[in-house]
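Right, one structure below, let's go through it.
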Amino acid sequence: GESTRLIRVIAERTEKPIVGVGGVTDAEGAYEKIRAGASLVQLYTGLVYEGPSIARDINRGLLELLDRDGFETVADAVGADLD
């Protein structure tokens, strides 16, 4: 999405931590923002609609995605899709 594209643009131009925001409702959405350069991901809309268990579900999903792609930690995946 547009917010992920903007994360990528900013991440290519700075070393500062970036917070990924905008429509994160599942692990795949969070992972997309992490790979684009976000070192933090904000949950708001997903939390409102899914409730507090969304954080647990996203964390579990992130572990599976990290394992699938051979990353040991989230930090290892930050910016993985940058040129």
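Read-outs: derived from the displayed coordinates by stated rules, not from any lab. Small disclaimer: the values here were computed from a predicted structure and weren't measured. Reconstructed Cβ throughout: ideal geometry from the backbone, glycine too, with neighbour counts over all protein chains shown.
Shown here for the chain: chymotrypsin sites (Phe, Trp or Tyr not before Pro) in loop regions (DSSP other than H, G, I, E, B) with at most 11 other Cβ atoms within 10 Å, namely TYR44.
Across the range 29-34, coupling constants 3J(HN,Hα) worked out from phi with the 6.51/-1.76/1.60 Karplus curve, θ = phi - 60°, read x, 5, 5, 4, 5, 5 Hz, and Gly and Pro carry x. Between helix 2-11 and the chain there is an angle of about 40 degrees, using the helix long axis and the longest principal axis of the Cα atoms.
Under 16 Å from a label point 7 Å along Cα→Cβ of GLU64: give me every residue in the range 11-34 with its amide N that close. What the label zone holds, given the 16 Å backbone N cut-off, is 25-32.
Magnitude of the charge dipole for the chain, about its Cα centre and with charges confined to Cβ atoms of Lys, Arg (+1) and Asp, Glu (-1), is about 280 debye. Calculated mean residue ellipticity at 222 nm for the chain: -16500 deg cm²/dmol, from DSSP H runs with n ≥ 4 weighted as -39500 (n - 2.57), summed, divided by the residue count and rounded to 500.
Between the beta carbons of TYR49 and ARG5, assuming R0 = 25 Å, the FRET efficiency works out to 0.60 to the nearest 0.05. Between LEU40 and ASP76, the simple label model (points 7 Å from Cα in the Cβ direction) yields a spacing of 2.4 nm.
Close amide H contacts of GLY22 (hydrogens built in the peptide plane, cut-off under 5 Å, sequence separation of 5 or more or a different chain): none are found.
Where in the range 1-32 are there GluC sites (Glu not before Pro) that are in a DSSP coil and have at most 12 other Cβ atoms within 10 angstrom of their Cβ? Could the numbers behind the result be given before it?
Values: sites: GLU2, GLU12, GLU15, GLU28, GLU32; in loops: GLU12, GLU15.
Qualifying residues, ordered by number: GLU12, GLU15.
Just so you know, the Cα atoms of the chain work out to an Rg and Dmax of 12.1, 36 Å. Annotation: amide H of ALA38 within the under-5 Å range of GLY79, sequence separation 5 or more or interchain, hydrogens built in the peptide plane.
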